[in-house]
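Encoded as structure tokens, the structure appears first; notes follow it.
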Amino acid sequence: MPKRFERVSELVNALSGKKFAQDFDEHSRRTQLSRTLFVWRNRKDLTQTEVAGRVGCKQAKISKLEHAEIQDMRMKDVLDYLKALGLSMSMQIHEQNFTATDAIKYHALEINRHLEILAAIAKDEDENDEISGGIADFFGEYFQNSIHFFTQNLVKLPQPLRALAAAGLQSGEPTVQVSAVPGLEEEEIASNKLVEA
Amino acid sequence: MGGWELEPSGSFDSRYKRFEKNHRRELKALLANLQRYLALIEDGQSPQFIKLGFLHRESDGIKAIDQKGGGPGLMESRLYVYPDRENQVLHLLCIGNKAEQHRDMVECRAWARQLRG
């Protein structure tokens, strides 16, 4: 079976000399933002000329921005481009040794913060079935998705680690005590009543 | 989406090495555009209907990626690919310059027919 690659940089590493592979890898990392802009423009089904029209610049400038390395991009140009696409941007600043587990913790806290916002809206809009019902549906959907993502990756762990992680699930103390949530009994979580609700 | 894989076929490996030796800037530009094309496919766009300034539609379902956007003064170059939607594989068929285009396309068409079965 011929060799297959999941990424272009993986292909380049396999076929090239060390110097070219390093150069390309560096270029690939430095063009991550410009490539993201390019993907978003295509999602929005807009041409470079149309974006240029909205920004008030020439098409060549848009083309240049979509191929630029990060150190050559001006923040204002990126923001103008995003505004033209009806998008905004949020930035995350972190230590250089920021790990995958740090990222997961960061996002978990952000998710918690947004769930609190939704819960507060649902409380305020208690009599508006459309809003409160929509939020309840979303909570159920989120619960199912997060369990799905977790189990999907748990099974990718090597067998001994999988068993270790599963043991941790049973004995570990969660950061947030679900049983402490008013009006929600532990057995309701265990029997998946939360999803059914 | 996601899940697409790249598979070098035909004379891709030998042409790649020739370009790496003699036309490094062109090769880098072709690969950067391949990365962009792949990003759109993985974002859920149909590989046959994507329209881009650096992407040319050839016969037998073959697409030719060029070097545009890689900077000034680059030799006109082509990276020929054949997207297999069913198996989610992007076959990399050949790399060549504009002058070799006719000969390269004859070779790529033969490979594409073989891949189609």
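The values are calculated or read from the model by the stated rules, or taken from the named source; none is laboratory data. A quick note: this is a predicted structure, and the numbers were derived from the prediction, not measured. Ideal geometry is used to build each Cβ from the backbone, glycine not excepted, and the neighbour counts take in all protein chains shown. Ligands, DNA and RNA are excluded from the accessible area calculation, which covers all protein heavy atoms including side chains. Shrake-Rupley method; radii C 1.70, N 1.55, O 1.52, S 1.80 Å.
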Notebook entry, point to check: Rounded to the nearest 500, what is chain A's calculated 222 nm mean residue ellipticity when only DSSP H runs of at least 4 contribute -39500 (n - 2.57) each, over all residues?
Noted result: -21000 deg cm²/dmol
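Which whole number gives the average, over all residues in B:20-32, of C-beta atoms from other chains lying within 10 Å of the residue C-beta? Before the final figure, lay out each step's value.
Values: counts 7, 2, 0, 0, 5, 0, 0, 4, 6, 2, 0, 9, 8.
Mean partner-chain Cβ count within 10 Å for B:20-32: 3.
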Notebook entry, point to check: Could you give the dipole magnitude of chain B about its Cα centre, charging the beta-carbon of Lys and Arg +1 and that of Asp and Glu -1, in debye to the nearest 20?
Noted result: 400 debye
Notebook entry, point to check: For chain B, what is the percent of antiparallel DSSP beta bridges, rounded to the nearest 5?
Noted result: 80 percent
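Based on the Cα gyration tensor of region A:8-84, what are the three equivalent ellipsoid semi-axes, each the root of five times an eigenvalue, rounded to whole Å and given largest first?
On the way: eigenvalues 161, 32, 17 Å².
For region A:8-84, the ellipsoid semi-axes come out as 28, 13, 9 Å.
Convex hull over the alpha-carbon atoms of region B:18-104: what's its volume per residue in Å³? Mind dumping the intermediate values first?
Numbers: hull volume 8.2 nm³, N = 87.
For region B:18-104, the hull spanned by Cα atoms encloses 94 Å³ per residue.
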Next item on the list: Return the distance in nm (one decimal) between the two label points of a simple spin-label model at A:Lys3 and A:Asp102, each offset 7 Å from Cα along Cα→Cβ.
Entry: 3.3 nm
Next item on the list: Mind checking the full-extension length gain between B:Arg85 and B:Val106? Use 0.36 nm per residue of separation minus the Cα-Cα distance, one decimal, nm.
Entry: 5.3 nm
Next item on the list: Roll a 1.4 Å probe over the protein chains and send me the accessible area per residue for the protein assembly as shown in Å².
Entry: 62 Å²
Note to self: Threshold 50 Å², probe 1.4 Å: give the residues of region A:37-58, in number order, that are less accessible with all protein chains present than with their chain alone.
What the structure shows: A:Phe38, A:Asn42
Item checked: Sites A:Ile121 and A:Lys83 - FRET efficiency at Förster radius 25 Å, r taken between beta-carbons, to 0.05 -> 0.35
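Determine the alpha carbon to alpha carbon distance for each of A:Lys76/B:Lys98; A:Lys3/B:Lys28; A:Lys18/A:Lys76; A:Lys3/B:Lys17 and list only those over 26 Å. Can you show the working numbers first?
On the way: A:Lys76/B:Lys98 38 Å; A:Lys3/B:Lys28 21 Å; A:Lys18/A:Lys76 36 Å; A:Lys3/B:Lys17 17 Å.
Checking Cα-Cα distances, A:Lys76/B:Lys98; A:Lys18/A:Lys76 exceed 26 Å.
Kindly compute the accessible surface that chains A and B hide from a 1.4 Å probe when together, both sides summed, and give it to the nearest 100 Å². Walk me through the numbers before you get to the answer.
On the way: alone 15630 and 6570 Å², together 19610 Å².
Its buried surface, counting both partners, is about 2600 Å².
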Next item on the list: Restrict the search to region A:58-153; then list the chymotrypsin sites (Phe, Trp or Tyr not before Pro) that DSSP places in a loop and that have at most 12 other Cβ atoms within 10 Å of their Cβ.
Entry: A:Phe98
Notebook entry, point to check: Dimensions of region A:98-156 along principal axes (Cα, Å, largest first)?
Noted result: 43, 24, 9
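Mind checking the mean number of beta-carbon atoms from other chains within 10 Å of the Cβ atoms in A:7-17? Show your work: numbers first, answer last.
Values: counts 4, 12, 2, 2, 10, 7, 0, 2, 7, 6, 3.
Per residue, the number of nearby Cβ atoms from other chains is 5 on average.
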Checklist line | Difference of contour (0.36 nm per residue) and Cα-Cα distance, B:Asn22 to B:Gln114 | finding: 30.1 nm
Checklist line | Relative frequency of Cα-Cα separations exceeding 28 Å in the protein assembly as shown, percent | finding: 56 percent
